[in-house]
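Have a look at the structure below, then the notes.
No lab work stands behind these numbers, since they all come straight from the coordinates. Everything numeric here is computed off the predicted structure, so don't read it as measured data. Positions of Cβ are backbone-derived with ideal geometry, glycine not excepted, and every protein chain shown enters the neighbour counts.
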Amino acid sequence: MPKSELIAAIEPEIVEIRRDLHRHPELLFDVHRTAGVVAEKLRAWGVDTVETGIGRTGVVGVIRGRGQGSGKVIGLRADMDALPIHEETNLPHRSTVPGKMHACGHDGHTSMLLGAAKYLAETRDFDGTVVLIFQPAEEGGGGGREMCEDGMMARFGIQEVYGMHNMPGLPVGQFAIRKGPIMAATDGFVLKLEGRGGHAAKPNETIDPIVGACQIVSALQTIASRNADPLDSVVVSVTTFHAGDAFNVIPQTVEIKGTVRSLTPAMRDLAETRFREIVAGTSQAFGLSHTLDYQRGYPVTFNHAAQTDFVAETARSVFAGDVVDTEVAPTMGGEDFSFMLEERPGAYIFIGNGDSAGLHHPAYEFNDAAIPVGIAYWAGLVETAMPARSA
């Protein structure tokens, strides 16, 4: 099991790294400073192999245990990017970049995996190889997909892969996970409708795209209420609606955007089919032409059964107690760790962030008290999955 005294000795340095990353948030693939810090620390701590530029700006580190007899190779992943949000805290280490902040805790995720890297590089009390994955562009950029398409899994021989994300409201020291779908597939759409504009006093001489668009927005909600099995989750959200510039003019065009979220491939297919049918049928009924750009985004984050059981038991063993909720409700948020889970078996777990503001909130702050918990979890996972052999 992880050596608590060594983790306690590592903790202050890792907290300072986390706060430094928080001061300097970077977006999507433009994480050059963050990736540089990660690579520099890994090399300084004696990680065997450090490679940069994976999936454009990702970093991968490799640590080999004292033994290699097991032949096992497992991957541990953390995300590095921030969000385009203006921070609203008065913390001494608040963001120094206007309009950017670590509002999802990726600074914490990166730091916890760095702490585990330092611990594992020093102890090497395992038989096998651990691959440390530091990923860019989780927040909508698909950095996980980019790293996979760059051949990361085969290149580093990864056999299983594990991810972790903080959860506000879950007490520090607690974990939450479930088998199967834990986060949703997230698809996006841009719909443009065109009618015939004209004077607001003479609607009979126009083809009003606003009226048709409003009917489409309402009808799209029937996908969840009338097409989906009531026990199968789907969320259709229209999040922008743009039309017209003057109070006395019926506009020529309307543009609406939004997302469609689901937890199963069958529901994902059904939602897209019904979406297209509703748009086409309603547009025709109102005499509108339309163009629809419907893009599939992140797939469902699907936890494999055996690996889910393994990480739950590992957390219970490391922390000597009932610290894991194994039936947490899935969330309709998306996560591009899903691409890695499509390539290799693994599991994605939530770690408690305590009583903090919610994710993506301008007052959010990663809880530094979770750092030693995360380090111990990662170290325990490696040492349990690949136990050192007796001499």
Checklist entry - Which far-off residues, 5 or more places away or on another chain, put their amide H under 5 Å from the one on Phe126, with H placed in the peptide plane? => result Arg66, Gly67
Item to check | Where chymotrypsin sites (Phe, Trp or Tyr not before Pro) fall in DSSP loop in the stretch 168-269, at most 14 other Cβ within 10 Å | outcome: Phe247
Checklist entry - Mind checking which lysines have their C-alpha under 18 Å from Lys257, skipping anything on the same chain fewer than 8 residues away? => result Lys192
Checklist entry - Under the definition of Cα pairs under 8 Å and six or more residues apart, what whole-number percent is the relative contact order of the chain? => result 25 percent
Item to check | Charge sum, other residues only, whose C-beta stays under 15 Å from Ala9's C-beta, Lys/Arg counted +1 and Asp/Glu -1 | outcome: -3
Checklist entry - What does the charge add up to near Ala369, with Lys and Arg as +1, Asp and Glu as -1, over the other residues with Cβ less than 12 Å from its Cβ? => result -3
Next on the checklist: In whole Hz and in residue order, list the ³J(HN,Hα) couplings for the stretch 341-351 that follow from phi through the Karplus curve 6.51 cos²θ - 1.76 cosθ + 1.60, θ = phi - 60°; x for Gly and Pro.
Outcome noted: 6, 6, 8, 9, x, x, 7, 10, 10, 9, 10
Item to check | Those aspartates and glutamates that a straight Cα-Cα span of less than 14 Å connects to Lys41, excepting residues fewer than 8 apart in one chain | outcome: Glu13, Glu16, Asp20, Glu51, Glu122
Checklist entry - Which of these values of mean projected area of the Cα convex hull in nm² was calculated from the structure shown: (1) 21.1; (2) 25.9; (3) 30.4? => result (1)
Checklist entry - Over the stretch 185-298, what relative contact order in percent results from Cα pairs under 8 Å that are six or more residues apart? => result 44 percent
Next on the checklist: Please report the antiparallel percentage of DSSP beta bridges with both residues in the chain, rounded to the nearest 5.
Outcome noted: 70 percent
Checklist entry - Got the relative contact order for the stretch 232-293 handy, in percent, Cα pairs under 8 Å and 6 or more residues apart? => result 30 percent
Next on the checklist: Using +1 at the C-beta of Lys and Arg and -1 at the C-beta of Asp and Glu, which of Val62, Ala9, Ala271 has the Cα lying farthest in the positive direction of the dipole of the chain?
Outcome noted: Val62
Next on the checklist: Are there DSSP H segments in the chain that both extend 15 Å or more along their axis (alpha-carbon positions) and score a mean Kyte-Doolittle hydropathy of at least 0.0? List them, or say none.
Outcome noted: 209-220, 305-319, 371-385
Checklist entry - Of all the stretches in the chain, which is the longest one without any exposed loop site, taking GluC sites (Glu not before Pro) in a DSSP loop (any state but H, G, I, E, B) with at most 16 other Cβ atoms within 10 Å? => result 89-326
Next on the checklist: If neighbour count is taken as other Cβ atoms inside 10 Å, put Val323, Val236 in order from fewest to most.
Outcome noted: Val323, Val236
